[in-house]
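Structure first, then comments.
Since every read-out is calculated from the coordinates, none of them should be taken as a lab result. Note that the structure is predicted; figures quoted are calculated from it, not measured. FYI the Cβ positions are ideal-geometry reconstructions off the backbone, even for glycines, and counts take in every protein chain you see.
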Amino acid sequence: MPFLATTVSSGVLVLVGAVFLASAVEMVEALTIVVAVGHTRGWRSALQGVGVALVALAALVAAFGPALVHVPLSALRLIVGGVLLIFGMQWLRKAVLRSAGLKAKHDEDEIYRETVAELEAAGTTPARDRIAFVMAFKGVFLEGLEVVITVLTLGTSAHRLGLATVVAAVAVVLVGGVGIAVSRQLSAVPENAMKMTVGILLVSYGTFWTGEGLSVKWPGNDTFLVACVAIYAVVTWALVVLVKPKARPSVEVAA
Amino acid sequence: MSTKSSWPLRALKGFGMFWWDFLVGDTPELFVAAVVTIVIIDLVSRVGHHNSLAVWLLPILAVVSFSTSVWRAVSKARKK
């Protein structure tokens, strides 16, 4: 049935987009910290920290992933919907404020500078560098935890945990590869546009699952997700236009 | 008596702090707005059985919450 195919693919498309972009953005943030640690204190301890963080994240997924399947679906969708609604609105808010020039746009430059300054203040680098290990571990674990939460919540609610995991893995490998290749130029990634898109997708999913958890019957079922994306995209665009200072002439600098 | 707490307690505290930062952080108004939205939609949909009202009210409440939070941040930043 063509209608069924359309509704399934629109839901899957939003899921894939949300998981891929959210994972990519978190990966860029984690990679910035790891690159700063590697360049400043050496790669051995930094990579050890990355390895241990990945093992810890895998253990968390193994522990909580199967447990989530046993939570009643309507309760799970309500909790997931609420979390995504809050998380998505936070991301969108930051993205709008960045677009309006009220928040620093290139976080990666700042994160890199702060991490390097902190590491340089720590003094000499021994062969087994505890500080580098801890910094790399914390960066990867905390950013990775957000990826894990996104994958588990979106994947379980949509009954597509396998697909969500694969998409996240592809995003992590892709960003990791490109990040290693460009090394310190991670600030060139259009992070704000990506965050804005993720925010729109997360709020859309948050709205959809919150409604499902509260027994709301959406017109067109999954297709309503696309309507949510359109509504939130228009509202976000309108907010960016409204809050952008009008007196200041905008100067485009060619890259 | 040692002032250092045991590792399970520290892990629990860290876990709680992570979720607090994740959900509340520096935008408690968005957390409160989401909770209020859920309560309103529950009343409209499950108690009042007004499905079509809930369908449009949920995105509208989300838009109002998010726009209000942005507006608050903008006016705060411009006052500085």
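Quick notes on this one:
- Entries of A:Lys103/A:Lys217; A:Lys244/B:Lys79; A:Lys217/B:Lys13; A:Lys138/B:Lys79; B:Lys13/B:Lys80; A:Lys94/A:Lys138 with Cα pairs more than 27 Å apart: A:Lys103/A:Lys217; A:Lys217/B:Lys13; A:Lys138/B:Lys79; B:Lys13/B:Lys80
- Taking A:Thr197, B:Thr27 and counting other C-beta atoms within 10 Å, the order from fewest to most: B:Thr27, A:Thr197
- In terms of other Cβ atoms within 10 Å, B:Arg78, A:Arg93 run from fewest to most in the order B:Arg78, A:Arg93.
- Hydrodynamic radius of the range A:23-87 by the Kirkwood approach over all distinct alpha-carbon pairs: 14.4 Å.
- Exposure proxy order (Cβ contacts within 10 Å, fewest to most) of A:Val52, A:Val198: A:Val52, A:Val198
- Label-point gap, in nm, between A:Arg44 and B:Trp19 - each point 7 angstrom along Cα→Cβ: 4.1
- Cα-Cα pairs of the range A:2-243 separated by more than 28 Å (percent): 37
- Here the range A:2-243 is assigned +1 on the Cβ of each Lys and Arg and -1 on the Cβ of each Asp and Glu. Its dipole about the Cα centre then comes out at about 120 debye.
- Computed label-point distance, nm, for sites A:His159 and A:Val12 using a 7 Å Cα→Cβ extension: 1.4
- Taking 7 Å steps out from each Cα toward its Cβ at A:Arg130 and A:Ala56 produces label points 1.5 nm apart.
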